[in-house]
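The values are calculated or read from the model by the stated rules, or taken from the named source; none is laboratory data. Treat the numbers as computed from the prediction; the structure is a model and nothing was measured. Using ideal geometry, Cβ is built from the backbone for each residue, glycine included, and neighbour counts are taken over all protein chains shown.
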């Protein structure tokens, strides 16, 4: 269970410091949750608060009772984060080495570690590419490699920040299928309204606030109307 | 970003005798090269060490072209060192210093080009494990060194890219036009790497 209490995050603007996200009270327990909203609405900040990549200026965020500010390391071992750009996520030269990096604390023995890494890459259909440079992989393959590396640490919650933004249709479908099969709790921020509906609950974030929270189809309709209204008035 | 701007070579997959040599021996070869270069000034001994390291490189069937990479990356630095030592000492002394520098870089290349990063990290963890009783975290230490090794090619590639971009705008001679973007890029890279590790809960204190 993820819980936000009286959370406010402030940001520096030309006009001075102002709140960029305000969440009075929010509990996230469903296993598939999506977050939609315009660029700059506060989606990414909301997601980063969940694993402590961003910290609240006021209020608290806790995951299974662990405070993200006071117990950040313990939270990050439970909550993994997938970035929009997989090249920001992959820190080693090949998918195999990157997954092995994630597995270092679980497997001290190199042979066992390699075997576990190859098993995981095989699950993602990436075993033939295990030793290739991450720069030689397609966008979809990179995103899957980043996902494999993140899942290797066995998180109980997976937070994904616009995971399909850089992918073509085929790779987006591949990613959606892969995500659907995961046992973890998934919280996904996305502009892809089809991907958003692969959830049981959808939050619409606008101007730093959760303005709608409910069933995905209704949330998407609300968001379309909101976007049309904003586009019409500008 | 240019992937070829490597001072220290990335791993070259292979099964040569040097690939199979235990990590400790390869490390001793690197340390020994440094000690000999420092202990024996002069052109002849350093040229012999350089020749020996080059022979090992070729005997391990590593691509000969990799021997040119450090020279391509460092030619200006080597030229300055050569000119200064020639002026301050002698032509032979200057050549000896450059030969010693190249010998050390090639010896470091032998280690990194024939040892996978994970194996290198395992070796570092084993070396640091006795310090655990003093509060050291071997995994964090190894991760730090591993990331440092990874960052060298990135920073060199970034330097080349920025220099090319500056030249394209006629700013090639301005150090500010090169140094400032490289520094900003380095800070951004460090933050990005930190976030990437935090995203997986890596690099945190084991007991936290």
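Assorted remarks:
- Test: residue in the range B:48-60 that is over 13 Å from residue B:110 (Cα atoms) and in contact with a helix residue (DSSP H, G or I) (Cβ under 7 Å, 6 or more places away or on another chain): yes
- Qualifying position, being surrounded by 15 or more Cβ atoms within 10 Å (Cβ to Cβ) and either in a helix (DSSP H, G or I) or away from chain A (no Cβ under 14 Å) (or both), among B:80, B:53: B:53
One line per residue, one yes/no per condition, for (1) within 22 Å of residue A:189 (Cβ to Cβ); (2) more than 20 Å from the chain's Cα centre (by Cα):
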{"site": "A:73", "(1), (2)": "no, no"}
{"site": "A:77", "(1), (2)": "yes, no"}
{"site": "A:80", "(1), (2)": "yes, no"}
{"site": "A:86", "(1), (2)": "yes, no"}
{"site": "A:96", "(1), (2)": "no, yes"}
{"site": "A:109", "(1), (2)": "no, yes"}
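- Residue check for residue A:76: in a loop (DSSP other than H, G, I, E, B), free of Cβ contacts under 8 Å to residues at least 60 places away in the same chain and at the interface with chain B (Cβ under 9 Å from one of its Cβ atoms): no
- The condition (being out of contact with any strand residue (DSSP E or B) (no Cβ under 6 Å at 6 or more places or on another chain), surrounded by fewer than 17 Cβ atoms within 10 Å (Cβ to Cβ), within 14 Å of chain A (Cβ to nearest Cβ) and assigned to a helix (DSSP H, G or I)) is satisfied by just one residue among B:112, B:129: B:129.
- Of all residue pairs spaced 6 or more apart or on separate chains, those with beta-carbon atoms under 8 Å, a first member in the range B:162-176 that is in the same structural domain as residue B:186 (by TED's automatic domain parsing) and within 19 Å of residue B:186 (Cβ to Cβ) and a second member that is modelled with pLDDT under 80 and exposed (fewer than 14 other Cβ atoms within 10 Å of the Cβ) are B:163/B:172; B:166/B:172; B:166/B:174.
- Residue in the range A:174-182 that is farther than 26 Å from residue A:215 by Cβ, crowded, with 16+ Cβ neighbours inside 10 Å and without any contact (Cβ under 8 Å) to a residue 60 or more places away in the chain present: yes
- All positions within the range B:183-194 that are surrounded by fewer than 17 Cβ atoms within 10 Å (Cβ to Cβ) and in contact with a helix residue (DSSP H, G or I) (Cβ under 7 Å, 6 or more places away or on another chain): B:186, B:189, B:192
- Pair list, Cβ < 6 Å and 6+ apart or interchain, from the range B:132-152 residues that are over 11 Å from residue B:117 (Cβ atoms) to residues that are surrounded by fewer than 16 Cβ atoms within 10 Å (Cβ to Cβ): B:137/B:206; B:138/B:129
- Here the condition is being touching a helix residue (DSSP H, G or I) at 6+ places or on another chain (Cβ under 8 Å) and part of a helix (DSSP H, G or I); of A:212, A:223, it holds for A:223 alone.
- Considering residues of the range A:124-138 that are away from chain B (no Cβ under 13 Å) and surrounded by fewer than 16 Cβ atoms within 10 Å (Cβ to Cβ) only, the residue modelled with the highest pLDDT: A:128
- Among the conditions (1) over 28 Å from residue B:122 (Cα atoms); (2) assigned to a helix (DSSP H, G or I), residue B:58 misses just one, which is (1).
- Residue satisfying condition, being surrounded by fewer than 23 Cβ atoms within 10 Å (Cβ to Cβ) and touching a helix residue (DSSP H, G or I) at 6+ places or on another chain (Cβ under 6 Å), within set A:121, A:103, A:90: A:103
- Of residues in the range B:195-208 being exposed (fewer than 12 other Cβ atoms within 10 Å of the Cβ) and more than 7 Å from chain A (Cβ to nearest Cβ), the one modelled with the lowest pLDDT: B:207
- The set of residues in the range B:167-202 that are in a helix (DSSP H, G or I) and within 18 Å of residue A:82 (Cβ to Cβ) comprises B:191, B:192, B:193, B:194, B:195, B:196, B:197, B:198.
- Test: residue in the range A:28-42 that is in a helix (DSSP H, G or I), at pLDDT below 95 and crowded, with 22+ Cβ neighbours inside 10 Å: no
- Residues of the range A:80-123 classified as within 8 Å of another protein chain (Cβ to nearest Cβ), closer than 26 Å to residue B:188 by Cβ and outside any helix (DSSP H, G or I), total: 9
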